[in-house]
Amino acid sequence: MSAAAMNSQTRRERRRRERLVERDAAIPVELYGLKRGTVTALTTCCVLFALFTLAPVVWVIINSTKTQSNIFGSFGFWFASPFEFFHTFANLFRDIDGDGTYANWFLNTVLYSLSGGIGATVLAVLGGYGFARFEFRGSKAFFAIIIAGLLVPITLVAVPLYLAYAKVHLINSVWGMILPSMVVPVGLYLMRTYVELSIPRELIDAARIDGASELRIFLRIALPLMVPGLMTVLLLSVAGTWNNYILPLIIFSNNQLFPVTVGMGLWSQHAGNSGDANLYPLLVLGGLVTIVPMIALFALLQRYWRGGLLLGSVAN
Amino acid sequence: MSAISMEKLSKVYSSGVSALAGLDLEVRDGEFVVLVGPSGCGKTTTLRMVAGLESITSGTVRLGDLVVNDVSPRQRDVAMVFQNYALYPHLTVAENIGFALINKKVPKPDRERRVRSAAAALGLMDLLGRKPGQLSGGQRQRVAMGRAIVREPSVFLMDEPLSNLDAKLRVRMRSEVLRVHKAIGAATLYVTHDQVEAMTMGDRVAVLHDGELQQYATPRELYDRPANLFVAEFIGSPEMNLYEATVTGDELLLGSQRLSLGPARTLLAPYRGRTVIAGIRPEHLELDGGAGAGHAGMATLVADVRVVEELGDEAHVFFSIDATAAGASMLAAAAGEAEAGLLAGATHNGIARTNSRSAVRRGQRVTFRVDTERIHFFDPDTSMAVPRMPR
């Protein structure tokens, strides 16, 4: 047997054992003071809610395989021939009507989300650490102002935002999209809380005594311990920009700069107005293609959410 | 020369709480000084101010000849062991120990040699590649020590480094810490709330209470000549029995019992006819085996036994006499209501430490022999010790 095969076998064996341990550790619900009936009722509620939430996704998956007439003419939750998925998929990445292509919009979304998300994460990590572990004059007031930003919906500031952007030439500019996407107050708030709870002051004190500069303490000691929090903020801010509709709608009038959200909004208008024969299948499949990267990102970053990073560092 | 000196060192927090009030303390080169006191007495604050981790409200801290009030911790050349170890969890043992050397830009070969020698001194050679999470409590404690000694610092600070270890390991690590101290010879300031640790480890011990220095002396001196009531009660286990007593001529009136004072009467002359507080250490109460009066300073004390605690090698006899205890009420006031209730309900007001082979039973009436020269006297108004005669 090859080493790799043996490795995978031991891994499978370990997982099996872990599952057994989990099963042994499970406590009968009666011990929590719950009745079987209550548990069944609650589980039913959860399942119903899950169905309710997942139904649109299932609908999108099924209908992405249909022609326009079948989308309207056949049962929504089952397939209908002809199977048009690949045909629609090919069309999706072709310039249809000169509005700008889906591929272009998709790349725009990727660019805005990654640069905005990474920028937001860097700012949140730096700011959160600073607010959590340094005391300076006005720190509370500054933090309060940042948190106040959480409460202002973007629709409220749409008009002033447009006027301000027009003044500084950020209308129809990539930066007009990226810069505001880097400001994620909730990310900073999350990071501050995360640092406060997961990076003991003694650890930073110890590094100071050990002669490390503040920058080195941040990079070498604090940052590695902030990874789970950091990944959460990255995911939140990337997803936030990915799904952003209002901001690009305000600042972009050039089709070539649209992200997928606004571009598909445009398609949706056209489909409704002119009854364009083939836009609805594209809209459905376009929506499906848009959510796939987000699901992949969740799956990819999941392994960073693990506990025990501080194991052995400080005694209680 | 002194390695650390503090002058009129004070700390008042922004909340208005005063943690330390005008501390004067000096640690000589190579000396092992223990700061001891109950929690909240300001000992950790003091240590953190010496380390530079806490701002100084007033006063000065000197390391060697240099005033370091405004010097950042990284430039002070002090090493510190933290109460909860504060190891870097994502670095290996070797990286934890070597972290300070990298910061100092020590060349790699030299660095590795020093990490290995520190690890060897602490028995960590086999663990260099492990992470803190894979170590036992005692091993983590050693890594924390290793991180400090590898720097060959001029000043060593330790904040209750043994308090998270179990009792047996703590005793073993005490001698290990001292061995390391002897080997590197750096002046050490060691903080603990455990008076046994203080007594067994310190060259000199500074007793702190409510942010004020009570006494700074050798362990022997603290035990033999406590400067005030607080030190008398704090040092020694079980703690000293303290009673209100009246001086009448040649005798000490303790409740209804009269103890002949012997030579001690000269120093109590100014208190004739007044109340003093008399302190008797539990180990200075001897069960009277009927062997006779002994020398002139020997007196006897009759007591009712309430509880006997057998420890195997010795026994603690909890007794009551009809004198008013001065210590318990004081302690109760300090310890808060919960304990006060408990103490008020207790039926004993004294403890004697005796040979466990003596067949003392609960409810029995016994006679203790006391050497009056070993009784400590305190002024009830000032709480200060009545000066003792040189022996």
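Counting only residues that are in a loop (DSSP other than H, G, I, E, B) and within 14 Å of chain B (Cβ to nearest Cβ), how many does the range A:176-235 have?
At the first step, the residues of the range A:176-235 found to be in a loop (DSSP other than H, G, I, E, B) are A:182-184, A:199-200, A:210-213, A:226.
If we keep only those that are within 14 Å of chain B (Cβ to nearest Cβ) as well, we get A:199-200, A:210-213, A:226.
Looking only at that region, the number is 7.
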- prompt: Is at least one residue of the range A:141-156 within 13 Å of another protein chain (Cβ to nearest Cβ), in contact (Cβ under 8 Å) with a residue 60 or more places away in the chain and outside any helix (DSSP H, G or I)?
  reply: no
- line: Filtering helices (runs of 4 or more DSSP H) wholly in the range A:21-120 for at least 3 residues that are in contact with a helix residue (DSSP H, G or I) (Cβ under 7 Å, 6 or more places away or on another chain) and among the β-branched types (Val, Ile, Thr) gives A:36-63
message: Looking at the range B:106-139 only, could you name the residues that are surrounded by fewer than 23 Cβ atoms within 10 Å (Cβ to Cβ) and at the interface with chain A (Cβ under 10 Å from one of its Cβ atoms)?
response: B:Arg130, B:Lys131, B:Gly133, B:Gln134, B:Leu135, B:Ser136, B:Gly137, B:Gln139
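Kindly evaluate B:Val27 against the criterion of being out of contact with any helix residue (DSSP H, G or I) (no Cβ under 6 Å at 6 or more places or on another chain), surrounded by fewer than 19 Cβ atoms within 10 Å (Cβ to Cβ) and farther than 21 Å from A:Glu214 by Cα.
Working: out of contact with any helix residue (DSSP H, G or I) (no Cβ under 6 Å at 6 or more places or on another chain): yes; surrounded by fewer than 19 Cβ atoms within 10 Å (Cβ to Cβ): no; farther than 21 Å from A:Glu214 by Cα: yes.
No; evaluated as a whole, the condition is false for this residue.
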- prompt: What are the residues in the range B:234-266 that are at pLDDT 90 or above and within 17 Å of B:Gln195 (Cβ to Cβ), if any?
  reply: B:Phe234, B:Ile235, B:Met240, B:Asn241, B:Leu242
task: Keeping to the range B:317-350, report how many residues are under 27 Å from the mean Cα position of the chain (by Cα), aliphatic (A, V, I, L, M), modelled with pLDDT under 90 and under 18 Å from B:Leu301 (Cβ atoms).
output: 3
task: Among the residues of the range A:41-99, count how many are touching a Phe, Trp or Tyr at 6+ places or on another chain (Cβ under 8 Å) and of a type in the set (Lys, Arg).
output: 1
query: Hey, any hits in the range B:99-112 for a residue that's under 28 Å from B:Thr46 (Cα atoms), at pLDDT 90 or above and assigned to a loop (DSSP other than H, G, I, E, B)?
result: yes
message: Need pairs with beta-carbon distance below 9 Å; first residue in the same structural domain as A:Trp78 (by TED's automatic domain parsing) and surrounded by 10 or more Cβ atoms within 10 Å (Cβ to Cβ) and within the range A:46-61, second modelled with pLDDT under 95 and outside any helix (DSSP H, G or I); sequence gap 6+ or separate chains.
response: A:Ala55/A:Phe77; A:Val58/A:Phe77; A:Trp59/A:Gly76; A:Trp59/A:Phe77
- prompt: Given the structure, is A:Val292 within 14 Å of the chain's Cα centre (by Cα), under 21 Å from A:Trp59 (Cβ atoms) and either in a helix (DSSP H, G or I) or within 14 Å of another protein chain (Cβ to nearest Cβ) (or both)?
  reply: yes
message: Of the conditions (1) within 30 Å of A:Gly76 (Cα to Cα); (2) at pLDDT below 80, A:Cys46 satisfies every one except a single condition; which number is it?
response: (2)
field: Single unsatisfied condition, A:Leu170 versus (1) surrounded by 18 or more Cβ atoms within 10 Å (Cβ to Cβ); (2) away from chain B (no Cβ under 12 Å); (3) of a type outside the set (Asp, Glu); (4) in a helix (DSSP H, G or I)
entry: (4)
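When you check A:Val195 against the structure, is it assigned by TED's automatic domain parsing to the domain that holds A:Pro259, of a type in the set (A, V, I, L, M) and crowded, with 18+ Cβ neighbours inside 10 Å, yes or no? Spell out the reasoning first.
Numbers: assigned by TED's automatic domain parsing to the domain that holds A:Pro259: yes; of a type in the set (A, V, I, L, M): yes; crowded, with 18+ Cβ neighbours inside 10 Å: yes.
Criteria met by A:Val195.
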message: Going through B:Ala79, B:Ala119, B:Ala86 one at a time, which residue ends up being in contact (Cβ under 8 Å) with a residue 12 or more places away in the chain and in a loop (DSSP other than H, G, I, E, B)?
response: B:Ala86
statement: Filtering the range A:236-249 for residues that are part of a loop (DSSP other than H, G, I, E, B) and either among the hydroxyl-bearing types (Ser, Thr, Tyr) or farther than 16 Å from A:Pro153 by Cα (or both) leaves a count of 1
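The values are calculated or read from the model by the stated rules, or taken from the named source; none is laboratory data. Owing to the predicted nature of the structure, the values given are computational and were not obtained by experimental measurement. All Cβ positions, glycine included, derive from the backbone under ideal geometry; neighbour counts span all protein chains shown.
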